[in-house]
Amino acid sequence: MFGNILIDKLRFSVKRDEICNPYNAQTKLNDIMSKHFRKNNYTVNFDKCYFRITFTPTLYLDNVSESEGKPILNLEMMSEEKLLKLLRDIYTALEEDAAVTWIDFTKNTLPTLPVFEHIKALSKRQFKYPYRVNDCTSQGSNTSLILSPVKRSKDIKSRNTNRQICFYTKVDEVNNKTKVPFVDNVYLSDDEIAQIPETNYERATGRLWLNGKNSLNILRCEQRYKYTSNIQRITRYLTGSKDEKQLTLSLLIEQLEEGNLYKKLDEFYTNELSKYVFFDDILQEKNVKLNKHEEMVKDILVKYDDIDIKIFQHLFEEIEYKNQFKYSTKKVLYHITGKYYEELYNKFIYNQSNAATGAG
């Protein structure tokens, strides 16, 4: 549940003229999906151009009728075996291969510091091109941080929302969607249990309390990719080939049959965060000292935490430190946000890299 890769949204699309009988395919797929997903957690539809099936794998149920009335939250991923069987059934019903046109994957983590403080600290940092902070980011309440690429356009505010990285507090999202403060049939590892308050988990029944005496401090980081132009980077990583143009239903089935899909998606997810968000090696920044001008900027930013550090660029120009401003910004931000960055760097990058290499 915590630290595992989750596929939170998946959409397959086929050109309608490639489906012999879309009404028949729709009936077959509704029959398949309704056994494992509640009606609000999947759709099967078509228009003049495309036939689409969209669902949330993290809301998969072994048997919908047996789980009626019980709370369900998208906190865990179905096994690779169950996903493989489901995708094979979808392929059989479609009688055609289909392209993935939407995929979200995510991870939940349990930071020791409050989630909103992490989001606030991250929002002050610089991110590698093409990602910039999206205008939809929740600035006031500090409950979300949305990063999306700048489109190749004269309009600098234009954003590609079909590819984005979002950090948010999962418990707040749950509170907005349901009044149920717990989820059942959650079986945590000993390591996961050690990270949460004792009163939040009932080992015997598998009940996890998200709210109650202690609200769980869950930070969620989601990556979204829609349409082939954005999904192509995933396809190339899975196949190791730049010649592959589309991520298809058959390719996912192949990866699952080989037992590689979740592992490779986890690696891709970590690589994207490492490249665009957590690209600074925090261990190299720990002993960096500030000069008197940088100390002054740091003190002002700490006192007035809604000020953008960029407004101090003119100060560095006046004292003939213009060429040093970028490096000074990095130093100052480390002293302000370092402990938050370090914790998330360790959880999303360092620990994952060690796990992948088998390091202790």
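What to note about this one:
- Cleavage-rule hits (GluC sites (Glu not before Pro)) in region 13-114: DSSP loop, at most 16 neighbouring Cβ within 10 angstrom: Glu68, Glu95, Glu96
- Positive-end residue, the chain charge dipole about Cα centroid, Cβ charges, pick of Ala99, Asn346, Asn185: Ala99
- Among Arg220, Arg163, Arg236: highest mean-square fluctuation, GNM of the chain, C-alpha pairs under 10 Å: Arg236
- For region 236-291, the fraction of C-alpha pairs more than 13 angstrom apart is 70%.
- Between Thr248 and Val100, the built amide H atoms are under 5 Å apart, and every one of these is 5 or more places off in sequence or on another chain.
- All other residues whose Cβ lies under 12 angstrom from that of Glu257 are scored, Lys and Arg at +1 and Asp and Glu at -1, for a net of -2.
- FRET E, pair Arg233, Glu198, Förster distance 35 Å, beta-carbon r, rounded to 0.05: 0.25
- The slack between Asn346 and Thr178, meaning 0.36 nm per residue of separation minus the straight C-alpha distance, is 57.3 nm.
- In the assembled protein chains, Ile307 presents an accessible area of approximately 50 Å² (probe radius 1.4 Å).
- The calculated FRET efficiency for Asn211 paired with Asp306, based on their beta-carbon distance and R0 = 25 Å, is about 0.30.
- Solvent-accessible area assigned to carbon and sulfur over region 61-131 amounts to 50 percent, based on a 1.4 Å probe.
- Check: region 163-221 dipole with +1 on Lys, Arg Cβ and -1 on Asp, Glu Cβ, in debye: 340 debye
- A quarter of the convex hull surface defined by the alpha-carbon atoms of the chain gives 21.7 nm² as the mean projection.
- For Arg11, net neighbour charge (Lys/Arg +1, Asp/Glu -1) across residues whose Cβ lies under 13 Å away: +2
- Per residue, the chain reaches -11000 deg cm²/dmol at 222 nm when only DSSP H runs of four or more residues are counted, each adding -39500 (n - 2.57).
- Excluding ligands, DNA and RNA, the accessible surface per residue across the chain is 52 Å² with a 1.4 Å probe.
- Sequentially through region 101-107, phi angles give Karplus couplings (6.51, -1.76, 1.60; θ = phi - 60°) of 10, 7, 9, 10, 9, 8, 9 Hz, Gly and Pro residues having no value and appearing as x.
The values are calculated or read from the model by the stated rules, or taken from the named source; none is laboratory data. Remember, it's a predicted structure, so these values are computed and weren't measured experimentally. All Cβ positions, even for glycine, are placed from backbone atoms using ideal geometry, and neighbour counts span all protein chains on display. Protein only, heavy atoms only, side chains kept; ligands, DNA and RNA dropped before computing areas. Shrake-Rupley method; radii C 1.70, N 1.55, O 1.52, S 1.80 Å.
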